[in-house]
Amino acid sequence: MKQFFIFTLLGLSIISCKETSSQQEDVATISEEATPSPLNVFGDDFKNETTLTAFELGDIYKNLKVGDTVKVTFEGPVEEVCQAKGCWMTIDVGAVDPVMVKFKDYAFFVPKDLSGKKVVVHGEAFISETSVEEQQHYAKDGGKSEAAIAAITLPKKALGFTASGVKIEE
């Protein structure tokens, strides 16, 4: 009788332990599902209370001259990404041409499948003059046709941005 009592207690304790761990797993699963996924950060992480829209940045570009720089954080949709390495991307800011975003010190790249995704970018906005050779290089990296590349014959003023960090929204 004493052995029966011991085996019964042992069996109950094993069953109760399994039920407790099962409940804990359920709670862990629920809390993981409720936690929002973080943004993917490339380059330096940044926290900035003032994030401009792409079109607000476009308004800032209207007042810049070649050689001017402005430190800013903005968000907008990616239009195009370098298909060779992910070493640059373009973002529409409401101007005639999109802004060309390159990465500070060539220290990081972004995924090549970002077209259409929204990003938050931190760094320096500026106006530069882009040579014919550089424009043709970007056109080739962007997958443009030989005819489109050959049609580039004049240097042009360009909206530039050197990003120290990029966050990709999912």
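Quick note: the coordinates plus some simple rules give every number you see, no bench work behind them. Remember, predicted model here, so these are calculated numbers, not experimental data. Here the Cβ positions follow ideal geometry from the backbone for every residue, glycine too, while neighbour counts run over all protein chains shown.
Can you run phi through the Karplus equation (6.51, -1.76, 1.60; θ = phi - 60°) for segment 126-139 and list ³J(HN,Hα) in whole Hz, with x for Gly and Pro?
Values, residue by residue: 7, 10, 9, 9, 9, 5, 4, 4, 5, 4, 5, 4, 5, 5 Hz.
Could you please tell me the mean projected area of the C-alpha convex hull for segment 42-120, averaged over all directions and given in square nanometres to one decimal?
5.6 nm²
Hey, can you rank 84-92, 55-63, 159-167 by average C-beta count inside 10 Å, highest first?
So the order, starting with the most tightly packed, is 159-167, 84-92, 55-63.
Relative contact order for segment 88-170: what percent, with Cα pairs under 8 Å and sequence separation of 6 or more?
Dividing the mean separation by the residue count of segment 88-170 yields 43 percent.
Considering every Cα-Cα pair within segment 33-167, what fraction, in whole percent, is farther apart than 18 Å?
55 percent
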